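Undergrad: Just passing along the structure, written as structure tokens.
The values are calculated or read from the model by the stated rules, or taken from the named source; none is laboratory data. Since we're looking at a predicted model, the values are computed, not measured. Neighbour counts run over all protein chains shown; Cβ positions are idealised from the backbone, glycine included. Calculation scope for accessible area: heavy atoms of the full protein, side chains included, ligands and nucleic acids excluded. Shrake-Rupley method; radii C 1.70, N 1.55, O 1.52, S 1.80 Å.
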Amino acid sequence: MLAKLVGFRLRWSCDSALTLKLIYMTVQEVRLCGLLLQEHFGEVVEKVGIHLLGSGAQILRAIAHETSTPLDLVKKSLCVLVQHGMCEFRRGRRGPGGAVEYHASYERVLRILRYPRYIYTAKTLYGDTGELIVEEVLQRGHMTMSDSVRTVADRLTHNMEEGRSMEYSEVVSAFSKLVETHFLQRCPPVADVGTALPAEAEPGAPAAPAPTLAESHPDRYILPHINLTGRGKRRHPSDDSEVDSKGAKRAKMDASAASDDMGIYWQVNFDRFHQHFRDQAIVSAVASKMDQTSSEIVRTMLRMSEVTTTPTAACTQPLSANEIFRALPPSYSITRPILEQYLSLLVDDPMEFVGKSGESGGGMYVVNLHKALASLARATLESVVQERFGSRSARIFRLLLRKRHLEQKQVEDFAMIPAKEAKDMLYTLLSENLVQLQEIPKTPDHAPSRTFYLYTVNPLPTARLLLQHCYKAVGNLIERRLYETKESKRLLEKSQRIEAILASLQASGAEPSQLSEVEEMITAPERQQLQALRNHVNKLDSSENQVDETIFLLESYISSTETSR
């Protein structure tokens, strides 16, 4: 089942040991996709999703037959996957009359791991309102603007003090800012998604690249003209059990009054979030290497070109020193001569995060995105080697990165490490595929005595290998978290029931004695066990987020390197 999935991983490897390693690691990647689908959507969706990831494009009845799943459950699972953008459907290879084929994207499934970071970024930039908007859109896959505004306004009103409520206009303002900065975008029309596959395509061959969203859907950042007036409504506990026919009728009238309910849906623009994460990583690296003023200059350059620069560009659009000077925050009080000195320092820095592309307008400057990502990826590789094998091994690894090719004697001399220790360290790094050995024979017979043996580091395959290790680590963390919660399932259910009872009593104005009596239903040892479980789960969640930062950095470097070739 995984043959097609791992096939493309093997093309760039010619070493048999590394090939076996990659097959194993790719299985770990599929395992992570299965864990994410199971945790968020259930076992049936996981079964269908993993089958599509392994088999490629398939029709509905083939999926039901090969997974031994009832047809109605397969339909519901596919609806869930399509709703969240993890599965695409196209007309079959037999033309308009052929059956529709479904194809899952493992990259889109792995983005579930980054949902907390998307939500936190929206909170940092646009407050609680922006956070809830992005959270609602991620939970539902895509939403209309009116539904999102009403839902977020109701949630914010429910958390406010009695007598206060959230205006729809405030939520609309936050939604508009998210669209203006391209963090939200319109979903492409269904007619554009359901395009036919080329007739000459073979079952195992990749599909031809579809037109980009900018070409096929140019108005993706235009807000619809809707008339939303009112306030959020407070939800009471009785609303969950009682059905208010008048309220349902009123909600239906409100929905029909909104003009965006006729096919205009919005989704999260993941590429824009990834661009923001990349820019933040570059700014942080400049701040740690130089100072805060230099990082603010680079931040200003990235902010000026964030909308005009494509996600795959090797560098930003050229900016003149005059434009950068006018765009700098007034609080920094940087004069023009000081700005020119900082720009010169950034251009001359060995990291080459900033480059000069011309002399007009006081000098034209760009941020070298590809070089910045390559420097950050190399720093990540060096830190991993240092943590696993010690500072001396990291010194050898760093030396090979800079010198490219060195013999064993040269490594010993340059690194100033005794011959025996250097030999052991090189062989250890070689066995872990972090260092490669290249043979250069002097004669055609490849005699060892007449052959140069050069050690080298190839950053791109090494980054791919480390990326697979990260996928495996995240999968282990998720499995451990699921195991911990399963072991304490009864205690967690009891705690949730008591919290629901307390919330209901507080809403009905119960006396403090009644509340304390309900709270005493959980004993002191059970409270200690719950607290220990929460602390453990929080540590696992924090570890997942930290590993995901490394995953994002390595993915960005690999994608940038492959695009620039």
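Undergrad: Please find, within the range 529-558, the residue that is modelled with the lowest pLDDT out of those that are exposed (fewer than 15 other Cβ atoms within 10 Å of the Cβ) and small (Gly, Ala, Ser).
TA: Top of the filtered list is 532.
Undergrad: Given (1) free of Cβ contacts under 8 Å to residues at least 12 places away in the same chain; (2) closer than 23 Å to residue 83 by Cβ, identify the lone condition not met by residue 123.
TA: Going through the list (1) free of Cβ contacts under 8 Å to residues at least 12 places away in the same chain; (2) closer than 23 Å to residue 83 by Cβ, residue 123 breaks only (2).
Undergrad: Could you run through the range 444-461 and say how many residues are over 30 Å from residue 560 (Cβ atoms) and open to solvent by less than 30 Å² (accessible area, probe 1.4 Å)?
TA: Here the count works out to 2.
Undergrad: Continuing with this model, one more query. Cβ contacts < 8 Å: first residue more than 29 Å from residue 381 (Cα to Cα), restricted to the range 440-460; second residue in a strand (DSSP E or B) and of a type in the set (A, V, I, L, M), any location; separation 6+ or different chain. Result?
TA: Close Cβ pairs satisfying both conditions: 451/440.
Undergrad: Right, here's the next one. Where in the range 335-443 are there strands (runs of 3 or more DSSP E), lying fully within it, with 1 or more residues that are small (Gly, Ala, Ser) and open to solvent by 50 Å² or more (accessible area, probe 1.4 Å)?
TA: So the answer is 354-358.
Undergrad: Of (1) surrounded by 18 or more Cβ atoms within 10 Å (Cβ to Cβ); (2) touching a Leu at 6+ places or on another chain (Cβ under 8 Å), residue 115 satisfies all except one. Which?
TA: The failed condition is (1).
Undergrad: Let me ask another. With respect to residue 312, is the statement that it is open to solvent by 60 Å² or more (accessible area, probe 1.4 Å) and free of Cβ contacts under 8 Å to residues at least 40 places away in the same chain true?
TA: The answer is no for residue 312.
Undergrad: Could you please let me know if residue 411 is within 35 Å of the chain's Cα centre (by Cα), β-branched (Val, Ile, Thr) and closer than 30 Å to residue 554 by Cα?
TA: No; evaluated as a whole, the condition is false for this residue.
Per-residue answers, yes or no, for (1) under 24 Å from residue 379 (Cβ atoms); (2) touching a residue at least 60 places away in the same chain (Cβ under 8 Å):
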| site | (1), (2) |
| --- | --- |
| 265 | no, yes |
| 299 | yes, no |
| 326 | no, no |
| 335 | no, no |
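Undergrad: Could you please tell me which pairs satisfy a Cβ distance under 8 Å, a separation of 6+ or placement on different chains, a first residue in the range 471-487 that is aromatic (Phe, Trp, Tyr), and a second residue that is loosely packed, with under 14 Cβ neighbours inside 10 Å?
TA: From the range 471-487, no pairs qualify.
Undergrad: Report whether or not residue 526 is free of Cβ contacts under 8 Å to residues at least 40 places away in the same chain and open to solvent by 40 Å² or more (accessible area, probe 1.4 Å). Can you show your working first?
TA: Working: free of Cβ contacts under 8 Å to residues at least 40 places away in the same chain: yes; open to solvent by 40 Å² or more (accessible area, probe 1.4 Å): yes.
Against the criterion (free of Cβ contacts under 8 Å to residues at least 40 places away in the same chain and open to solvent by 40 Å² or more (accessible area, probe 1.4 Å)), residue 526 qualifies.
Undergrad: Of all residues in the range 148-193 being charged (D, E, K, R) and farther than 22 Å from residue 231 by Cα, which is most open to solvent (accessible area, probe 1.4 Å)?
TA: Once the filter is applied, the top-ranked residue is 180.
Undergrad: Hey, another quick one. Can you pull out every residue in the range 279-290 that is in contact (Cβ under 8 Å) with a residue 40 or more places away in the chain and open to solvent by 20 Å² or more (accessible area, probe 1.4 Å)?
TA: Across the range 279-290, the qualifying residues are 281, 289, 290.
Undergrad: Then there is this: Counting residues that are under 20 Å from residue 37 (Cα atoms) and touching a Cys at 6+ places or on another chain (Cβ under 6 Å), which helices (runs of 4 or more DSSP H) fully inside the range 461-565 reach at least 1?
TA: Those helices (runs of 4 or more DSSP H) span 524-564.
Undergrad: Please verify whether residue 302 is under 30 Å from residue 175 (Cα atoms) and either open to solvent by less than 40 Å² (accessible area, probe 1.4 Å) or under 23 Å from the mean Cα position of the chain (by Cα) (or both), treating the condition exactly as stated.
TA: yes
Undergrad: Looking only at residues that are out of contact with any helix residue (DSSP H, G or I) (no Cβ under 8 Å at 6 or more places or on another chain) and either farther than 13 Å from residue 101 by Cβ or at pLDDT below 85 (or both) in the range 60-75, which one is most open to solvent (accessible area, probe 1.4 Å)?
TA: Across the range 60-75, the extreme among qualifying residues is 65.
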